[in-house]
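Following: one structure in structure tokens, then a few remarks.
Only the coordinates and a few stated rules stand behind these numbers; no lab work does. In this text the structure is predicted, and so the values were computed from the model without any measurement. Here the Cβ positions follow ideal geometry from the backbone for every residue, glycine too, while neighbour counts run over all protein chains shown.
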Amino acid sequence: MSGDRPAPPARGEYAVWRQATTRWSDDDVYGHLNNARYFDLIDTAVNAHLAEATGVDIRHLDAIGVVAEVGCRYFREMGYPRPVDLGLVVDHVGTSSVVYRVGLFQGDPDGEGATAAAEGRFVHVYVDHTGGPRDVRPLPDVVRAAVTPLLRG
């Protein structure tokens, strides 16, 4: 890699894990995982963690997280028919926002899968969900409790 491009993150940089299954339709005409699928996986990793860690239906909180930013750095190809390990860590918890990083790993954890094939950055900003204008609101306590243990750094 060039000197200005960061190295792929290692598994040890992430706090919690889940696994997703790739599907035949996930690969594009070039034979690797379609870019849109990476974003599906990143979004699913964050929201599945929130649903499990809070124990509530996050869609019905008074303040909900909307995506304010999402991006992905690609380090090597992924594709069907191999599962994807998704590592999740939180870089920042603010008054009304959370910044996540999601590592996407494919392959033997002691081999090629020791480092991320891609890493997503995902920012949630919490807004009113009570029927009024979608003004920015403080992070719900149940969400703060679910994401604070994932802080690294």
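A few comments on the model shown:
- Helix-derived mean residue ellipticity, 222 nm - over the chain, DSSP H n ≥ 4, -39500 (n - 2.57), to 500: -5500 deg cm²/dmol
- Normalised Debye scattering of the chain at q = 0.13, 0.14, 0.19, 0.20 Å⁻¹ gives log10 I(q)/I(0) of -0.61, -0.70, -1.14, -1.22, counting only Cα atoms as equal scatterers and leaving out solvent.
- With R₀ set to 41 Å, the beta-carbon distance separating residue 10 from residue 134 gives a calculated FRET efficiency near 0.60.
- At R0 = 30 Å, FRET efficiency that the Cβ-Cβ distance of residue 19 and residue 66 yields, to 0.05: 0.70
- Under the criterion of Cα pairs below 8 Å and six or more residues apart, the relative contact order for the chain equals 30 percent.
- With the cut-off at under 14 Å, measuring from each backbone N in the range 41-68 to a point 7 Å along the Cα-to-Cβ line of residue 96 picks out 63-68.
- Exposed-site-free run, longest, the chain (rule: trypsin sites (Lys or Arg not before Pro); DSSP loop; at most 16 other C-beta within 10 Å): 77-133
- The range 63-102, relative contact order [Cα under 8 Å, separation at least 6], %: 28
- Separation of alpha-carbon centers, the range 77-106 and the range 24-55, rounded to whole Å: 9
- In degrees, nearest ten, helix 35-54 long axis to first principal axis of the chain (Cα): 50
- The range 79-141 - charge dipole about Cα centre, Lys and Arg +1 at Cβ, Asp and Glu -1, debye rounded to 20: 260
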